[in-house]
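Bear in mind these aren't lab numbers, they're just calculated from the coordinates by the rules spelled out. Small disclaimer: the values here were computed from a predicted structure and weren't measured. Every residue, glycine among them, receives a Cβ derived from its backbone with ideal geometry; neighbour counts consider all protein chains shown.
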């Protein structure tokens, strides 16, 4: 297990890197969707309260509405990247480009670890179909495979958002 160390967010709130990753995994195991788990843990560092974060990210679980598309943990992380980097003015092209750059790097790193960013490919099961969803439940595919994807998303997000020497 990685050594725990403290980082500071933009508003100087102490952030325990390992502890936040574990919180994400814990929320997922409690029953929140993958997207909710990632988004809720990090949102408050950017001024978004937990309840709002849970609501905003709720539809992205299971590869966006259980369609098996882009992994929900990635969607939750992308919301956080947007909170950190996106502008609030339509003509803020620099902020938009920075956001896209960080999102692409985040997805590249996740794909490098897991060979895909698609839920159905990651879990080797198409949960968008009744049969696939039944199989995922019967074989406990989500409960056994997804915690690692949620962990990976959180670790990569922290490396990018709070800095690991490559992109911030």
Self-check item: Sole residue being over 19 Å from the mean Cα position of the chain (by Cα) and on the phi < 0 side of the Ramachandran plot, chosen from 143, 77, 94, 154
Solution: 94
Quiz item: Of the numbered conditions (1) touching a residue at least 24 places away in the same chain (Cβ under 8 Å); (2) surrounded by fewer than 20 Cβ atoms within 10 Å (Cβ to Cβ); (3) in a helix (DSSP H, G or I), residue 56 satisfies every one except a single condition; which is it?
Solution: (1)
Quiz item: Which one of the conditions (1) free of Cβ contacts under 8 Å to residues at least 24 places away in the same chain; (2) in a loop (DSSP other than H, G, I, E, B); (3) under 16 Å from residue 150 (Cβ atoms) does residue 62 fail to meet, given that it meets all the rest?
Solution: (1)
Self-check item: Entirely in the stretch 77-168, the helices (runs of 4 or more DSSP H) that have 3 or more residues that are in contact with a helix residue (DSSP H, G or I) (Cβ under 6 Å, 6 or more places away or on another chain), free of Cβ contacts under 8 Å to residues at least 40 places away in the same chain and surrounded by 12 or more Cβ atoms within 10 Å (Cβ to Cβ)
Solution: 93-114
